[in-house]
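The values are calculated or read from the model by the stated rules, or taken from the named source; none is laboratory data. Just so you know, these numbers come straight off a predicted model, no measurement behind them. FYI the Cβ positions are ideal-geometry reconstructions off the backbone, even for glycines, and counts take in every protein chain you see. For accessibility, only protein heavy atoms count, side chains too; no ligands or nucleic acids. Shrake-Rupley method; radii C 1.70, N 1.55, O 1.52, S 1.80 Å.
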Amino acid sequence: MADASVVRAAPRQYAWIALMWIRAALAYPASFWTLTVAGAIITGLDFVGIAIMFTTIDTLGDFGLREIALLYGATGVALGLADMAIGSVEQIGHHVRTGSLDTMLTRPVPLLVQVCADRFALRRLGRISQSAVVLAWAAVPIDWTPARVAVTLMMLVAGLGIFFAFFVAFSCIQFWTADASELANAFTYGGNTMTQYPLTVFPREVVLSLTFLLPVAFVNWYPSLYVLGREDPFGMPSWFAFLSPAVALALLALAALAWRTGVRHYTSTGS
Amino acid sequence: MALIDATDLSRTFVVRRKDAGRRSLRRRREEVHAVHGVTFSVEPGEMVGYIGPNGAGKSTTIKMLTGILVPTGGRLTVAGVEPSRHRTELARRIGVVFGQRTTLWWDLPLRDSFELLQKIYAIEPARYRENLDAFVTLLELGDLLDTPVRQLSLGQRMRGDITAALLHDPEVLYLDEPTIGLDVVSKGRLREFLRTLNAERGTTLLLTTHDLQDIEALCDRVIVIDHGTLAYDGTLAGLHGRGGSMRTLVVDLVDEAPAISVPGASVRRVEGPRQWLSFPADASAAPVVAAVAASYAVADLSIQEPDIEDVIRELYSRS
Ligand SMILES: Nc1ncnc2c1ncn2[C@@H]1O[C@H](COP(=O)(O)OP(=O)(O)OP(=O)(O)O)[C@@H](O)[C@H]1O
Ligand SMILES: [Mg+2]
């Protein structure tokens, strides 16, 4: 089924569909720019909130503002990219209910590509660039070595992969109950919100859950500790910093399995 | 080789229904045999009407033929492959139109939808231009190409959908209630278009409908399905015979009279001086007419051919 030619064609097919939506969005430039800038401002307010806290405190969970900015920026860029690339997968329940999933199933493009590229929203670049600015600000005082640069890049790519897997896996629930998109949101965005803070503000049990259960700690926490040159406050092994790509791959494999099971289970609608 | 080959095709849905009792919140697991042991095959170039009452299993069959749904029983091949396993490959060779909903992108102008389809289906540019021009002319879509789909009327949208389903020259076109909600003129044009399509391009058509005029206008062959099982597969003419269908002689007498009694016919209805007599469709009308004229003062006579709807209603109620 998933032979090489299908996989090779997928990025191109994705690009066609995404480009069409970009063109459609740019047909109304005023609305496009308003939404893009508004998106950046709204997500930017999170960080403004944290920065305001720092007018009365010097550290939060033993981390300074610049260090938190690294955590915030890394998870923000990863989530933003995942959300832009495949966030539309959350709409699967909507496609089930309206029957547009049936239509997609009759087209010669893998369903996942179609669902992810549907209504591709370039305006999410607003959020991504806001996170990227914070990340760049955080990067200024860091003592950069080639290894730290490599780990930072790895962090962003693996983070993207982890959120990608979360989006797909949690959206699959909607193959069974078509109105579970709120649930999908809760896990993915909730995971993101928690990783915006240093995990030292949470009890140990929460950190363990975010490491082994819903492993969002690998999105930014462990690699950031390495980049910042800090000891793990919870005594986790230092090589956890390099585990993110493996975690991402494992989660992606699970997500692919969930997706296949979901599509196979799909029973269409009665009309 | 047959283009479509279904053997003992079945699809069961498991649904959970609330128990009838008000106290219980538990849901009962229940199986719905939407399609149950259906066997038929379709040769290239055929035009087949797939009919049956609401809930008979027509849409479910189409969804299996297109690979959307995985059959739960039996065998199915379309163009030599199992649709649900080879869905994406098969997609290039089939076209699908759902009358109830659009396959186009709601917010995009028709032109953008068509161009995206060209890329997705890898239609050669020259072929694409040729097909688009042909369908735009035949279906009179010229002025609508730049209108977003959501602003199109039902009939306009349907024409857009049909074009979208045909741009890649599919071997077979499935239409699930393509004429639903269309006015008489639009229905007529659509039928004309489908006939031309079949005659000129040899496209195989399989359509479901509740409008039997679609069938009469288009299909040499009808498959009747009821409660998921095959009730009839054959020619339209044969369906008349099967139903034991009757022709009707409408007699206008000069004066009101009691029910007419002649051999070979029976009175169905009396309304003042007008009476309706029915007699077997395969019998000649001449002796009946002669017998009536011989014993009654007749003002006028007319013969009504058997109504396909009656025939099918008969078939449904028997199965
Ligand atoms: N996705 C589904 N889940 C559960 N039951 C279904 C589903 N799809 C169809 N059914 C059931 O299967 C039966 C056949 O439905 P189907 O849609 O195939 O009928 P149909 O012949 O197309 O009817 P109509 O003329 O009303 O469109 C119905 O009893 C329907 O309730
Ligand atoms: Mg139907």
**Fill in**
Sites removed, the longest contiguous part of chain A containing no DSSP-loop trypsin sites (Lys or Arg not before Pro) with at most 16 other Cβ within 10 Å is A:1-118
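Between the DSSP loop rule and a limit of at most 15 other Cβ atoms within 10 Å, which chymotrypsin sites (Phe, Trp or Tyr not before Pro) in region A:116-150 are left? Walk me through the numbers before you get to the answer.
Working: sites: A:PHE120, A:TRP137, A:TRP144; in loops: A:PHE120, A:TRP144.
Taking region A:116-150 and a limit of 15 other Cβ atoms within 10 Å, the loop chymotrypsin sites (Phe, Trp or Tyr not before Pro) found are A:TRP144.
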**Asked** Among all the aspartates and glutamates, which ones have a C-alpha under 12 Å from B:LYS63's C-alpha, if same-chain residues fewer than 8 places away are not counted?
**Response** A:ASP102, B:ASP176
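Between B:TYR316 and B:GLU271, 0.36 nm times their residue separation minus their Cα-Cα distance comes to what? Before the final figure, lay out each step's value.
Working: separation 45, 0.36 × 45 = 16.20 nm, distance 2.90 nm.
Extending this stretch completely gives an extra 13.3 nm.
Give, rounded to the nearest 20 debye, the magnitude of the charge dipole that the protein assembly as shown has about its Cα centre when Lys and Arg contribute +1 at Cβ and Asp and Glu contribute -1 at Cβ. Walk me through the numbers on the way to the answer.
Working: 53 positive and 58 negative charges, 314 e Å.
The calculation lands at about 1500 debye.
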**Message:** What is the angle, in °, between the Cα long axis of helix B:125-138 and the longest principal axis of the Cα atoms in chain B? Nearest 10 is fine, range 0 to 90.
**Reply:** 30 degrees
**Prompt:** Tell me, what is the percent relative contact order of region A:2-265, built from C-alpha pairs under 8 Å that lie six or more residues apart?
**Reply:** 26 percent
**Item:** Those residues of region A:75-104 for which accessible area with every protein chain present is at least 10 Å² below the isolated value (1.4 Å probe)
**Value:** A:THR98, A:GLY99, A:ASP102, A:THR103
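Round to a whole number: what % of the accessible area of chain B belongs to carbon and sulfur, probe 1.4 Å?
Working: 7290 of 15070 Å².
Using a 1.4 Å probe with all protein chains present, chain B comes out at 48 percent carbon and sulfur.
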**Request:** Specify the angular offset, from 0 to 90 degrees and rounded to the nearest 10, of the alpha carbon long axis of helix A:125-139 from the longest principal axis of the alpha carbons in chain A.
**Result:** 20 degrees
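Obtain the radius of gyration and the Kirkwood radius of region A:205-261 from its C-alpha atoms and give Rg over Rh. Write out the running numbers ahead of the final one.
Details: Rg = 12.7 Å, Rh = 12.1 Å.
Computed over Cα atoms, the ratio is 1.05.
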**Message:** What number comes out for accessible area per residue over region A:1-105 if the probe is 1.4 Å? Units Å², please.
**Reply:** 46 Å²
**Request:** Could you check the simple spin-label distance between A:LEU252 and B:SER302, using points 7 Å along Cα→Cβ, in nm with one decimal?
**Result:** 7.3 nm
**Prompt:** What residue among B:VAL251, B:VAL78, B:VAL97 has the largest mean-square fluctuation in a Gaussian network model of chain B, using Cα springs under 10 Å?
**Reply:** B:VAL251
**Asked** Quick one: how many Å² of A:TYR226 are accessible to a 1.4 Å probe, rounded to 10?
**Response** 80 Å²
**Request:** Only helical DSSP H runs with n ≥ 4 go in: add -39500 (n - 2.57) per run for the protein assembly as shown, normalise by residue count and round the 222 nm mean residue ellipticity to 500 deg cm²/dmol.
**Result:** -16000 deg cm²/dmol
**Minimum 30 Å² accessible area buried by the other protein chains, region B:94-131 residues, probe 1.4 Å, relative to alone** = B:ARG101, B:THR103, B:TRP105, B:ASP107, B:LEU108, B:ASP112, B:LEU116, B:LYS119, B:ILE120, B:TYR121
**Item:** Kirkwood-Stokes translational diffusion coefficient of region B:1-113, alpha-carbon pairs, 10 °C, 1.306 mPa s, µm²/s
**Value:** 97 µm²/s
**Message:** Restricting to DSSP loop positions (anything but H, G, I, E, B) with no more than 13 other Cβ atoms inside 10 Å of their own Cβ, which GluC sites (Glu not before Pro) remain in region B:203-283?
**Reply:** B:GLU256
**Message:** If I fit a long axis through the Cα atoms of helix A:146-176 and take the longest principal axis of the Cα atoms of chain A, what angle between them do I get, 0 to 90°, rounded to 10?
**Reply:** 40 degrees
**Request:** May I ask which residue of A:PRO233, A:HIS265, A:VAL201 lies farthest towards the positive end of the charge dipole of region A:132-271, with charges of +1 (Lys, Arg) and -1 (Asp, Glu) on Cβ and the Cα centre as origin?
**Result:** A:HIS265
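If you wrap a convex hull around the C-alpha atoms of chain A and split its volume per residue, what is the figure in Å³?
Numbers: hull volume 39.3 nm³, N = 271.
In chain A, the Cα convex hull volume per residue is 145 Å³.
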**Dipole in debye (nearest 20) - region B:187-312, about Cα centre, beta carbon charges: Lys, Arg +1; Asp, Glu -1** = 260 debye
**Complete:** Note, A:PHE120: beta-carbon cut-off 12 Å, +1 each Lys/Arg, -1 each Asp/Glu, net +2
**Request:** State the answer as a single residue: which of A:ILE50, A:ALA85, A:TYR222 lies farthest towards the positive end of the charge dipole of chain A, with beta carbon charges of +1 for Lys and Arg and -1 for Asp and Glu, about the Cα centre.
**Result:** A:ALA85
**Request:** Take the eigenvalues of the Cα gyration tensor for chain B, scale each by 5, and report the square roots as semi-axes in whole Å, largest first.
**Result:** 43, 27, 20
**Request:** Report, by chain and number, residues whose modeled amide H sits under 5 Å from the one on B:THR229, excluding near sequence neighbours (fewer than 5 apart, same chain).
**Result:** B:HIS36
**Complete:** From the Cα centre of region A:209-256 to that of region A:52-115, the distance in Å is 18 Å
**Asked** Given +1 on the Cβ of Lys and Arg, -1 on the Cβ of Asp and Glu, and no further charges, what dipole in debye does region B:4-240 carry about its Cα centre, rounded to the nearest 20?
**Response** 1540 debye
**Asked** What total accessible area, in Å², is buried where chains A and B meet, using a 1.4 Å probe and rounding to the nearest 100?
**Response** 2600 Å²
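Once R0 is set to 51 Å, what does the formula 1/(1 + (r/R0)^6) return for the Cβ-Cβ distance between A:ASP62 and A:SER31, expressed as a FRET efficiency to the nearest 0.05?
On the way: r = 44 Å, r/R0 = 0.87.
Efficiency, from the Cβ-Cβ distance: 0.70.
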**Item:** Whole-percent pair-distance distribution, where bins are 10 Å wide, for the alpha carbons of the protein assembly as shown
**Value:** 3, 14, 20, 18, 15, 12, 8, 4, 2, 2, 1, 0
